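The structure appears below as structure tokens.
Where a number appears in this text, it was derived from the coordinates with a stated rule and is not lab data. Bear in mind that the values here come from a model prediction, so they are computed numbers and not experimental data. Heads up, the Cβs are rebuilt from the backbone with ideal geometry, glycines too, and the neighbour counts pull from every protein chain shown.
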Amino acid sequence: MNEILKLLEEDSRYTPAQIAAMTGKDEQYVRDTVKRCEEEHIINGYTTLVDWDRTSEEAVTAFIEVKITPQRDDGYDRIARRIYQYDEVESLYLMSGSFDFSVIVTGKSLREVSRFVAEKLAPIEGVISTATHFIMKRYKDKHRAFLVEPEQEERTLFV
Amino acid sequence: MMDYEKLMSENVRSLQPSGIRKFFDILDTMKDAISLGIGEPDFVTPWHIREAGVYSLEQGFTKYTSNAGLIRLRGAVTDYLKRRFDIDYDSSQVFITVGGSEAIDVCIRAMLNPGDEVIIPVPSFVCYGPLVTMANGVPVYVETKAENEFRLTAQEVRDAITPRTKLLVLPYPNNPTGAIMERDDLEAIAEVLRGTDIMVLSDEIYAELTYGQRHVSPCNIPELYERTLLVNGFSKAYAMTGWRLGYVCGPAPILKQMLKIHQYGIMSAPTTSQYAAIEALRGGDGDIETMRESYDRRRKLLLKGLRDLGLSCFEPRGAFYMFPKIDGFGLTSDEFCTRFLQEERVAIIPGTAFGSGGEGYTRICYASSVENIETALERLGGFLDHLREKR
């Protein structure tokens, strides 16, 4: 199973037939495994890595440190849920160290993101403070570098 | 006007230029062509290794090293050989060369007197024969067979031995066939060599790239250890082809003589590369594994693809090449590959480029993206359909 997951994480466009060939497994086995992983939320979706900086789309991403007071009974989860339900929130992690949540927020402009923090995130009950860091350039995401490296010049040799 | 041709070494003039050049010439003129022709890793050298090279430059380590190479690197090589292959050498039995290629060259030049014979299994990488010729030796080619999975058999060695035999080349895991030699195969050869003075030149540049079993070196066979010159390098295991770094190991008295050739011809291997190589050996086991697993997936993909197209292909268990049979279409290997390139824009290498015994085969390198391999298979399918219709 893990081998199949690693391949899909590398490129989710691999077809069951390709994965079957590469792993030496039966194609039906691959299909069944993927289906089961989807059902069990081991696979939580498929997406595409877009470098929006190369498009005309205006987009801003911020990384926000959030400190909170954990709630009785629910600990962090209840507040987490209240944060991640917003569409603006791309990712949310509970962190060790000097703050509690790391929230990745996307928006169309600095103002839009700032407004989200001021009007939606900061007022949530239990949130003590926020510190917003805007991302200036995305170099690498999900193991993929976004800068295009130069190609070495063509070589004619026989090895 | 001077007749330069006439002035030149007859040995050099007698060498055949590579027939592969025309493929690259055609390839260069094509758009959206796919090359599964060049045999090298498609990975960039892992960053921590590159960084070690860069750091050595920052520190100003830009001078020659000792002829034999950095002591730390030689120590790292012997540690590595022990750790990965259970081979024992001390650092007086190693020196660092400019790629495996130089290591092969110095082995041959150090051992041969004019007229000495060198047994070379073919199909194999193209350098052995010409290097033997330039050392005034005589290459004796032995064709390995598909039915033996392109292993060299004891009988084939026995049949090739003459009183002039000095060296036996063992190029395994093999380029272009992907063949490997297992312990039994090597023990059988050890039996044939017992009592002779024949030395073994073991080119193990693909030793880390085996699938399903670990590489067995002649050095792992007690009777062969004392007569083996081991050649290896960094190009294939660590994706470091451009760094040009390899090494040779063997009996100290031979290495001592051999080092003179390196000393006068090369001085010392590139210093930056040597520092990077220390990092590769110390911290690169994980990289080898990641790359090997990736090649293995593509190996399975290509093998299935070729067999689905109806080609007979022996399952290669080493290196990153596949050597399918393509003789059923009324074309020579060269014609097949030339037309495949011209009509379908995919470069693969005719088996004949690797010596006799390669007719009827082609080498496909699967160190290329899954996308390239799939596209190449698609185009090959179309090409084969076309050839089959014609027949």
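Miscellaneous remarks
- Residues B:His215, A:His133, B:His386 arranged by fewest to most Cβ contacts within 10 Å: A:His133, B:His386, B:His215
- Taking B:Ser294, A:Ser91, A:Ser102 and counting other C-beta atoms within 10 Å, the order from fewest to most: A:Ser91, A:Ser102, B:Ser294
- Pair B:Lys63, A:Asp77: separation of 7 Å Cα→Cβ label points (nm): 6.6 nm
- Taking 21 Å as the straight-line reach from the Cα of A:Lys120, the lysines in range (excluding those fewer than 8 positions away in the same chain) are A:Lys67, A:Lys108.
- Candidate aspartates and glutamates for bridging to A:Lys35, where Cα separation is under 16 Å - those fewer than 8 sequence places away on the same chain excluded: A:Glu3, A:Glu9, A:Asp26, A:Glu27
- Amide H contacts under 5 Å for B:Ile34: B:Val346, B:Ala347, restricted to partners 5 or more places along the chain or on a different chain, H placed in the peptide plane at 1.01 Å from N.
- When the Gaussian network model of chain B links Cα atoms closer than 10 Å, the mean-square fluctuations of B:Ile266, B:Ile349, B:Ile96 top out at B:Ile266.
- About its Cα centre, the stretch B:257-307 has a charge dipole of approximately 460 debye under the convention of +1 per Lys or Arg Cβ and -1 per Asp or Glu Cβ, with nothing else charged.
- Sites A:Met1 and B:Arg282, calculated FRET efficiency, Cβ-Cβ separation with R0 41 Å, nearest 0.05: 0.80
- Lys pairs under 18 Å by Cα in chain B, provided they are eight or more residues apart or on distinct chains: 4
- Span from the the stretch B:1-17 Cα centroid across to the the stretch A:1-45 one, whole angstrom: 59 Å
- A crude spin-label estimate for the pair B:Asp197 and A:Leu49, with each label 7 Å from Cα along the Cβ direction, gives 6.0 nm.
- Per-residue Cβ neighbour counts within 10 Å put A:Trp52, B:Trp47 in the sequence B:Trp47, A:Trp52, beginning with the fewest.
- Only lysines eight or more places from A:Lys142 in sequence, or on another chain, were considered; those with a Cα closer than 18 Å are A:Lys6.
- The protein assembly as shown shape via C-alpha gyration tensor axes, a/c threshold 1.5: prolate
- Using only alpha-carbon positions in the stretch A:52-138, the gyration tensor eigenvalues give semi-axes of 25, 12, 11 Å once each is multiplied by 5 and square-rooted (largest first).
- Average silhouette area of chain B, convex hull of alpha-carbon atoms, in square nanometres: 21.2 nm²
- Here each label is just a point 7 Å from Cα along the line to Cβ, and for B:Glu371 and B:Glu223 those points are 5.3 nm apart.
- Vicinal HN-Hα couplings computed from phi for the stretch B:349-354 (Karplus, 6.51 cos²θ - 1.76 cosθ + 1.60; Hz; Gly/Pro x): 10, x, x, 5, 5, 9
- For the stretch A:36-66, the residues whose amide N sits under 20 Å from a probe point set 7 Å from the Cα of A:Asp141 along the beta carbon direction are A:44-65.
- If you plug the beta carbon distance of B:Gln155 and A:Arg115 into 1/(1 + (r/R0)^6) with R0 = 51 Å, you get a FRET efficiency near 0.05.
- Inter-centroid distance (Cα atoms) of the stretch B:303-321 relative to the stretch B:279-302, Å: 19 Å
- Comparing B:Gln93, B:Tyr80, B:Phe336 along the charge dipole axis of chain B, the residue lying farthest to the positive side is B:Gln93, per the Cβ-charge model.
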